[in-house]
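A short worksheet on the structure shown next.
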Amino acid sequence: MNYQTFQNLNYVWMSIGVLVFLLLLKVPAPYGRHSSAKWGPQINNKLGWVFMEAPGMILLMFFVLTGAIRQNAMSWILISLYLFHYLNRTFVFPMRLRTRAKKMPLLIMVLAIFFNLVNGSLIGYYFANFAHYTITDLMGPRFIFGAILFGCGVFINWDYDNRLIHLRRPGETGYKIPEGGLFRWVSCPNHLGEIIEWTGFALMCWNLAAVSFIVWTIANLIPRTLSHHKWYKRQFGDYPANRKAVIPFVL
Ligand code: NDP
């Protein structure tokens, strides 16, 4: 595939992401607190996370290792950051969840596998065929700013995933109002962290594959955050009225 075709493919993928964003604003993705048996056969949610998150990084590595370009140190830094996120999301995060025999629809798992396969392939294909990063890129303000965003995003995402998971004592299954830290301003700081993280990654990578990845991350997470926020307000009469969903004071 030549570079122009690859770019066009990314534009098509981003356009589909925008449609999915609009769809998810109407229909919340049915997993976690929105899980429902009416979406067909279900799978254990921890297993679901492993199966749906692993394929993207496997395909990315397939392209990187078999591609035309031999990756330099700069490319390996970027690839490692992607792997670092997905190794946690695939193998560590699910094992830490305090959910007991909770299930998610197989449909969600299959759709997420597709999403991760396409994103992993596009990013992997870019590295395999078009990436020519140099040390000058590493020293540039765009890369440095992106790296700071990525680091802050990872920290916020991990910290607030952790705080949410630990709202339940071992054996508990219900939900509580999260308090303190960024929860004073937003309902879903973990989602905010993930959006900041992949925005930083797109700035560091500076290619359309990474941009389409952040478009899809936003398409998945902003509607999910809004659904969570509405759910909290429905569920808890005393939910803090001035708390926003994901962007402090704005949304
Ligand atoms: P949630 O915030 O809904 O839940 C995270 C964990 O904390 C779950 O185990 C959940 O339990 C538990 N939890 C959440 N809120 C409460 C509460 N108020 N009281 C008690 N327990 C609570 O996370 P998501 O499932 O939305 O996302 C998980 C991670 O995956 C996040 O880091 C997110 O950024 C990432 N993600 C990334 C996407 C992308 O496109 N890049 C898409 C979707 C998620 P339970 O499961 O029982 O609800």
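Every number in this text was worked out from the coordinates using simple rules, so none of it is lab data. Since we're looking at a predicted model, the values are computed, not measured. Using ideal geometry, Cβ is built from the backbone for each residue, glycine included, and neighbour counts are taken over all protein chains shown.
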Legend entry - Bins of 10 Å, starting at 0 and running to the largest distance - Cα pair percent for the range 1-140: 11, 32, 33, 18, 6, 0
Inset, instruction - Could you let me know the centre-to-centre spacing of the range 1-62 and the range 196-251, using Cα atoms, in angstrom? - result: 16
Legend entry - Convex hull volume per residue for the range 117-251, taking Cα atoms only, in Å³: 132
Inset, instruction - Within 10 Å of each residue's Cβ, count the other Cβ atoms and sort Leu208, Leu106, Leu65 from fewest upward. - result: Leu65, Leu106, Leu208
Inset, instruction - Quickly estimate the mean residue ellipticity at 222 nm for the chain, helices only: each DSSP H run with n ≥ 4 gives -39500 (n - 2.57), and the total goes over all residues, rounded to 500. - result: -22000 deg cm²/dmol
Inset, instruction - With a ≥ b ≥ c taken as the square roots of the eigenvalues of the C-alpha gyration tensor of the range 95-164, please select rounded if a/c is under 1.5 and otherwise prolate if a/b is larger than b/c or oblate if it is not? - result: oblate
Inset, instruction - Find the eigenvalues of the gyration tensor of the Cα atoms of the chain, then list the square roots of 5 times those eigenvalues as equivalent ellipsoid semi-axes, largest first, in whole angstrom. - result: 32, 20, 17
Inset, instruction - Pull out a ≥ b ≥ c, the square roots of the eigenvalues of the alpha-carbon gyration tensor of the range 1-54, then state rounded if a/c is under 1.5, prolate if not and a/b is larger than b/c, and oblate in the remaining case. - result: oblate
Inset, instruction - Quickly work out the Val12-to-Val250 label distance, labels modelled 7 Å from Cα along the C-beta direction, and quote it in nm with one decimal. - result: 3.2
Legend entry - Lysine pair count for the chain [Cα-Cα under 14 Å; pairs on different chains or 8 or more apart]: 7
Legend entry - Relative contact order, percent, the chain [alpha-carbon distance under 8 Å, six or more residues apart]: 26
Inset, instruction - Starting from one equal scatterer on each C-alpha and no solvent at all, send me the Debye-based log10 I(q)/I(0) for the range 133-191 at q = 0.17, 0.29, 0.30 Å⁻¹, two decimals. - result: -0.66, -1.14, -1.17
Legend entry - Ranking of Leu60, Leu25 by count of other Cβ atoms within 10 Å, fewest first: Leu25, Leu60
Legend entry - Whole-Hz ³J(HN,Hα) from phi, Karplus 6.51 cos²θ - 1.76 cosθ + 1.60, for the range 98-114, glycine and proline x: 9, 10, 10, 6, 6, 10, 10, x, 4, 4, 4, 4, 5, 5, 5, 4, 4
Inset, instruction - Fewest Cβ neighbours within 10 Å first, please rank Met14, Met204 accordingly. - result: Met14, Met204
Legend entry - For the chain, built as a Gaussian network whose Cα springs stay under 10 Å, the top-fluctuating residue of Arg169, Arg98, Arg184: Arg169
Legend entry - Three-way shape label, the range 41-97, alpha-carbon gyration tensor, a/c 1.5: oblate
Legend entry - Pairwise label distance in nanometres, Tyr3 with Met95, each label 7 Å out on the Cα-Cβ vector: 4.3
